[in-house]
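So the structure is just underneath, and the comments pick up after that.
All of the numbers you see were taken from the coordinates with simple rules; none came from a lab. Source: prediction; values computed, not measured. For neighbour counting, all protein chains shown are included, and Cβ atoms are generated from backbone atoms with ideal geometry for every residue, glycine included.
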Amino acid sequence: MVNTSTPSRVVAFLVFALRILFPVIVLAEDPPVLSPQAIPAPAPAPPVPPLFSGTAEFAFVATTGNSSTEAVGLSSDLAYRPHPWLLNAKGSFVQNRANNVVSAKSWTALVRLSRDYSPRLSGFTQYDYLRNLFAGIEQRHTTLGGISYKVIDASSQYLRLDGALGYANEQRLVGSALSTGTVVGGAAYKLKISPTSEISDEVRLVDSFTHVRDWRLDQTAALSAKINSIMSLKASYVVRYVHAPTPGFQSTDTISSITLAAKF
């Protein structure tokens, strides 16, 4: 004997779920007639982002007297949005000097070109540059290509996941250069905690195809608060971890900063 109760229950459950989740869909019935007063107004269209935008950040700390120190931080973030494309360019410079002796200096740069294929899915290609002599890295060049998916894309929250394959070349002050294929995973998160402030966190994990121990992790966490429509204060913490650093150098570098940022 064929048991027909299970298919019947499944169909009944699906019909019930459709009526609960989509009340405007009425199966096997005539559609309801709504009065003009009952028709909801269309939702307002989301604001269109500007074609060009950017931010510039500056930090400076100096001491004199018994000790003479200087710390300078500069960074910029530019975006150009000819839909469905997005061109993003970032750069940063950090230097610390004590008693006229430079004790830390690094440059970073990033250029990323992405194209939207849907409101959530996009493809991208990216180039990264790093120079940090005090970490034993004379220069590091990375190119990669992959896809991004926006898990959350709301006015109060944003979460993007990245996956990519690439190639990296690193010239070191000590030892031989590294050239390897890479696999990259990343995430970017933003949370608006008030109308004038937000927190953000970006994480990227890079692993090597040919050097088992050569994996590295970069993370940037920040809290920003608006002063007015243009200026804001930003506190950030950057961590760069290299599992197999240049011989004679440590694995972890960190940068803590409080900067004045201008938006244009």
* **Rounded if a/c under 1.5, otherwise prolate or oblate - segment 52-263, Cα gyration tensor axes** => oblate
* Prolate/oblate/rounded call for segment 93-187, Cα gyration tensor, a/c under 1.5 rounded -> oblate
* **Nitroxide proxy distance, nm - points 7 Å out along Cα→Cβ at Val101 and Ile258** => 2.9 nm
* **segment 162-177-segment 191-206 distance, computed between alpha-carbon centres (Å)** => 28 Å
* To do: Could you let me know the centre-to-centre spacing of segment 61-83 and segment 211-264, using Cα atoms, in angstrom?
  => 12 Å
* **Qualifying lysines (Cα of each under 22 Å from Cα of Lys234; at least 8 residues distant if same chain)** => Lys90, Lys105, Lys190, Lys192, Lys226, Lys263
